[in-house]
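**Q** Below is the structure I would like to discuss, written out as structure tokens.
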Amino acid sequence: MENKLIISEAFNDDQIVLTISGRLDANNAGYLDDHLSKLIQKGKYTVGLDMQGIPFLSSAGIRILVKQCKAFRIYSGELSITAFSENVLSVLDMVGMTDLFQSKKERNEVLPEPKLEMDLEHSGFTFQRKPRPNQPLAKLQRQGTPSKMDSCSFSPEDMQSLRLNESWFGLGIGAFGQGFEDCKNSFGEFVALGDSIITLPSDQTVSPDYMIRTGQMVPEIQSLYSLGIAGAFQNEIYFTSNQDASISLSSLAERIVEMGNHRHFALLFIAESNGLVGASIKSSPTAGKNPFSFPAVRDSFKFTTEPSYIKEMAVSFGIFSREPSDQLKPFLRALGSESTLYGHVHTAVFTYLPLRKEKPDYPEAIGALLENAALLDVLHLLNDNRDINGIGESSFKTGVCWSTELDPNSII
């Protein structure tokens, strides 16, 4: 019997299929491990394994398969088994891992992928939109009185428990804890990203923290005010540049308006930062003092003094409107003198981890960052347009956005 592992490659649509024959044991597992690692290095993140030619699979072989399955998911990719030998199927069934190597198409009944539509080019960037069919308008959910930030006068009556029993995207001021007394010294910016909540406490820890839905654990935060949506998004929008260019937050939002014909919308985006401009709370807004007076402002807020976190990953959620209602306007600020939009954006900052190049999926991409990248900061993004010392606004390189129009009845 041939003991050497033989691997051949073929392409099937956007997937590489490896046909493997021979024993997948301790002697040969390293060879497969190296082959798969090299595919990742080449940017090949969707791989299927045809294992009909594997007469024997040992625990060493299983270990490499599991290790590489996790490695591909770091890049929002997929390592699946497209065909099993009798032995491989039997062994994986016994250890309860057959489902781990199913492809997404096997795990879910999927609709045909809409084609990418070339929408526009602007400032050296190419924008492509892929509609996500049959998604309704999102209903905006808002809570609290953000103007109380001006006097730091939030009290127990303002606090509300926000629990992610379902996928929810939003932002606000909140803290992890059991009640107002437990949280009153740590309220800070938070951003909710579907199945997770990330916050920067305003206490002395100065380290961002997060909760993610895992098993029976449901993320929950005590919120002083919040703004967000439940449900899915109507559009995926990819932006790339063949030059060494960057795009400002306001310009990116304006392009999303053009492509989605938006008036009021929610926007989630994951992108490489070319410099973030923002602020975060240093002192919990419960003391009843004016945080914007001088010199109190120095102790109340942390501001970026220059565009920060260049070449790191930014996961951002925001609510935008061209004509905010009286009820919505207190939550938003004008994006800048050259933009007609109002918005409010919070960003979670991670160390760099490349986005999957083909069909990135936000739950997997966010999960990969939380699992494999370092969480650095949470910022409320600003436009520092002061005449002399202003440092401008945040800018980004290649990334992907998800947008949805808001139900107009929900913003009144």
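The values are calculated or read from the model by the stated rules, or taken from the named source; none is laboratory data. This structure is a prediction, so every number in the text was calculated from the model and none was measured. Note that each Cβ is placed from the backbone with ideal geometry, even for glycine, and that neighbours are counted across all protein chains shown.
**Q** Restricting to the stretch 258-280, what's the tally of residues that are out of contact with any Lys or Arg (no Cβ under 8 Å at 6 or more places or on another chain), in a strand (DSSP E or B) and of a type outside the set (Gly, Ala, Ser)? If you could, list the steps in order and put the result at the bottom.
**A** From the stretch 258-280, those out of contact with any Lys or Arg (no Cβ under 8 Å at 6 or more places or on another chain) are 258, 261, 265-270, 275-278; that's our starting set.
Restricting the remaining residues to those that are in a strand (DSSP E or B) gives 265-270, 276, 278.
Filter again for of a type outside the set (Gly, Ala, Ser), leaving 265, 267-270, 276.
Final tally of qualifying residues: 6.
**Q** In the stretch 260-278, which residues are over 21 Å from Asp195 (Cβ atoms) and either within 18 Å of the chain's Cα centre (by Cα) or buried (at least 19 other Cβ atoms within 10 Å of the Cβ) (or both)?
**A** Of everything in the stretch 260-278, those that are over 21 Å from Asp195 (Cβ atoms) and either within 18 Å of the chain's Cα centre (by Cα) or buried (at least 19 other Cβ atoms within 10 Å of the Cβ) (or both) turn out to be Gly260, His262, His264, Phe265, Glu272, Ser273, Asn274, Gly275, Leu276, Val277, Gly278.
**Q** Quick one: in the stretch 104-147, which of the residues that are of a type in the set (Ser, Thr, Tyr) and more than 30 Å from Ile221 (Cα to Cα) is modelled with the highest pLDDT?
**A** Step one: filter the stretch 104-147 for residues of a type in the set (Ser, Thr, Tyr), giving 123, 126, 145, 147.
Checking which are more than 30 Å from Ile221 (Cα to Cα) leaves us with 123, 126.
Numbers: Ser123: 77, Thr126: 89.
In this case the residue turns out to be Thr126.
**Q** Kindly establish whether Ser226 is surrounded by 17 or more Cβ atoms within 10 Å (Cβ to Cβ) and closer than 20 Å to Gly343 by Cβ. Don't jump to the end; show me each part of the working.
**A** Values: surrounded by 17 or more Cβ atoms within 10 Å (Cβ to Cβ): yes; closer than 20 Å to Gly343 by Cβ: yes.
So Ser226 fits the description; yes.
**Q** Quick check on my filter: what residues within the stretch 279-290 are surrounded by fewer than 20 Cβ atoms within 10 Å (Cβ to Cβ) and of a type in the set (A, V, I, L, M, F, W, C)?
**A** Ala279, Ala287, listed by residue number.
**Q** Looking only at the stretch 312-336, how many residues end up being over 19 Å from Ile197 (Cα atoms) and in a strand (DSSP E or B)?
**A** The initial filter retains those residues of the stretch 312-336 that are over 19 Å from Ile197 (Cα atoms), namely 312, 320-336.
Right, trim to in a strand (DSSP E or B) and you get 320-321, 333-334.
Going through the stretch 312-336 one residue at a time, the tally reaches 4.
**Q** Further question: Within the stretch 227-244, is there a residue that is touching a residue at least 60 places away in the same chain (Cβ under 8 Å), among the aromatic types (Phe, Trp, Tyr) and touching a helix residue (DSSP H, G or I) at 6+ places or on another chain (Cβ under 6 Å)? Quick ask: steps written out before the conclusion?
**A** So the first thing to find is which residues in the stretch 227-244 are touching a residue at least 60 places away in the same chain (Cβ under 8 Å), and the list is 227-243.
Still in the list and also among the aromatic types (Phe, Trp, Tyr): 233, 238-239.
Subsequent filtering for residues that are touching a helix residue (DSSP H, G or I) at 6+ places or on another chain (Cβ under 6 Å) retains none.
Checked against the condition, which is being touching a residue at least 60 places away in the same chain (Cβ under 8 Å), among the aromatic types (Phe, Trp, Tyr) and touching a helix residue (DSSP H, G or I) at 6+ places or on another chain (Cβ under 6 Å), the stretch 227-244 yields no hits at all.
**Q** Scan the stretch 1-25 residue by residue and report those that are modelled with pLDDT of 85 or more and assigned to a loop (DSSP other than H, G, I, E, B).
**A** The answer is Leu5, Gly22, Arg23, Asp25.
**Q** Considering each of Leu268, Leu249, Leu224 in turn, give the residue that is modelled with pLDDT of 90 or more and out of contact with any Phe, Trp or Tyr (no Cβ under 7 Å at 6 or more places or on another chain).
**A** On the way: Leu268 fails: out of contact with any Phe, Trp or Tyr (no Cβ under 7 Å at 6 or more places or on another chain); Leu224 fails: out of contact with any Phe, Trp or Tyr (no Cβ under 7 Å at 6 or more places or on another chain).
Checking each option against the conditions leaves just Leu249.
**Q** May I pose another question? Report yes if some residue within the stretch 228-242 is modelled with pLDDT under 90, over 30 Å from Lys329 (Cβ atoms) and in a loop (DSSP other than H, G, I, E, B); otherwise report no.
**A** Scanning the stretch 228-242 turns up at least one residue that is modelled with pLDDT under 90, over 30 Å from Lys329 (Cβ atoms) and in a loop (DSSP other than H, G, I, E, B).
**Q** Quick test for you: out of Asp158, Asp150, Asp195, pick the one residue that is more than 28 Å from Phe350 (Cα to Cα) and either at pLDDT 95 or above or surrounded by 19 or more Cβ atoms within 10 Å (Cβ to Cβ) (or both). Write out each step before concluding.
**A** Values: Asp150 fails: either at pLDDT 95 or above or surrounded by 19 or more Cβ atoms within 10 Å (Cβ to Cβ) (or both); Asp195 fails: more than 28 Å from Phe350 (Cα to Cα).
Only one candidate passes the filter, namely Asp158.
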